[in-house]
1. So between Thr327 and Glu286, what do we pick up on full extension, going 0.36 nm a residue minus the alpha carbon distance?
2. Give me Ser287, Ser419, Ser200, Ser433 sorted ascending by neighbouring Cβ count inside 10 Å, so fewest comes first.
3. So what's the Cα pair-distance distribution over the range 297-386, bin width 5 Å, in %?
4. Once each part is reduced to its C-alpha centroid, what is the distance from the range 190-207 to the range 349-409 in angstrom?
5. If packing is taken as the mean number of other Cβ atoms within 10 Å per residue, what is the order of 180-190, 443-453, highest first?
6. Debye sum, Cα scatterers, the chain, no solvent: what log₁₀ I/I(0) at q = 0.10, 0.12, 0.14 1/Å?
7. Quickly estimate the mean residue ellipticity at 222 nm for the chain, helices only: each DSSP H run with n ≥ 4 gives -39500 (n - 2.57), and the total goes over all residues, rounded to 500.
8. How many percent of Cα pairs in the range 110-230 exceed 23 Å?
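Since every read-out is calculated from the coordinates, none of them should be taken as a lab result. Keep in mind that this is a model prediction, so the values were computed, not measured. Glycine also receives a Cβ, built like all others from the backbone with ideal geometry; neighbour counts cover every protein chain displayed.
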Amino acid sequence: MDENRKTLGKLMSKGVSAYYAGVKHSLHTLKHAAHTASSFLESAVFPALDSMVQMNEQVAQAVLAAMRGERPWRDILDETAQRFDAGHRFPEIVNTWGRELFGTATLAGETVLAEDDLFRLVYIPPTRRVAGPALAVFHAGGCIPYGDRIFRMLPGVDFYSRFLERGMPVYAMELRGDRTEIDYSRLTIDSLVESIATMSSHAFAHNQEHRMVLEGYCGQGTQALAYVAAMPEDADHKFSAMSVFVSPVDGSRCTSLASAVKATPDLYHEALMAFYGAMDSYVPGESIQTGLDMSLGALFLKSHLGYFSAGWNRTDLARVKSAAELTPGQRRDLAGAYWVSTDCSKRFPVPVGIARFTSALFKHGVGADGTLPYPVLGRTVSLAALRDQTRLRVLGFYGGRDPVVPDATAQILITLLGSRYTHVIHPQAGHISYVLSPKLWETGSPKALSPNPIDLILAAAQAGANP
């Protein structure tokens, strides 16, 4: 009798557990649907309505001005025709001229030192000489949405020049191309960490074994931190300091992006990852783009109406006949528009192996002890390794106007590293301002970054070299 009761109890327990697991999954699915619907309304429908109202109001006000005799009818007709022309042309010139312009910056004297199937290491000499050994920067490349060519945005608008003009040579680890040129399926967090170790060894040897500064931007900074956590002795041997720019160290604290990841049921997420892994082994760029744009309220901007609306307000582009006629400002705007376009996102997808690491970081965050939520090189690793197994001084730079990554994401570094971590917020900077706004770096400029990141990096590297 007792055995029957036990058997019946176990069956009932399993049934109850299965029932409530199903209920919880159903609730999570409903929450996901509600979040998706709300995000779609906020990022696509309402902005589209606002845009149509704004365009109609502009036409109505112009007509009323002509009726009052304040403006000639000819001017109104000419302006409206230009607006329609620019709106119609805008998506075309973004995907032609913008594509041709994007990622075209090359620096004087740059040389490829090493390459493998996925990455190349480029040495870029400084444009200004300094007394004594120059402090070199190692840019840890990796996967970010829309691709890493943003760091070579345009001639005169790139990230590396900010270091070169201060006498700091740059070793840039960069992807060798888009998905038509390299096999993205081979890139995982493990292979990326190993590539950072290998490429930085080439850089270290070329730099006559002087310790360097490890640098990572956005998701590349997070991936570089994973390298240090997994291989602290290797990092400590080659680097005296590390800087991350707008990096989501603890992704769970990036409210707008994390909310979408947390709202996705685990079963649905795993099914997607398995499907993408079985297909091309990367998450299609357009899927990444849609998710980002819905979270950031920017879905409308990539729609046909969104492009038309953007062009409508750019009458200066209506009569430009070729890319050669574009002004520097127009070139930057078109290259920037292409960078976040659907075409660019398709070219630079995110490998499933990196997507799993990133989604875990946004869904679960970093543990209070610094433990990363995803294994690296087959084991659990922790950011506490920076504190306990390296002498690295770490700096984090964040923009006060960044809608993507809030500075709160780096709180774990403040907690773990104490005085060995320098946390900087530049109130006027956005997520990509450090790349697209060279004047922010100019000493004496009214909008200059204060404090200047390179001043702090040089001081931290010197302190790290003499702990």
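1. Working: separation 41, 0.36 × 41 = 14.76 nm, distance 2.99 nm.
Contour length minus Cα-Cα distance gives 11.8 nm.
2. Numbers: Ser287 16, Ser419 7, Ser200 26, Ser433 19.
Ranking Ser287, Ser419, Ser200, Ser433 by Cβ neighbours within 10 Å, fewest first, gives Ser419, Ser287, Ser433, Ser200.
3. Going from the shortest bin to the longest, the percentages are 3, 10, 14, 15, 12, 9, 8, 9, 8, 7, 4, 1.
4. 19 Å
5. Highest mean packing first, the order is 180-190, 443-453.
6. Each listed q corresponds, in turn, to -0.80, -1.09, -1.40.
7. -15500 deg cm²/dmol, from helical runs alone.
8. Of the Cα pairs, 26 percent sit more than 23 Å apart.
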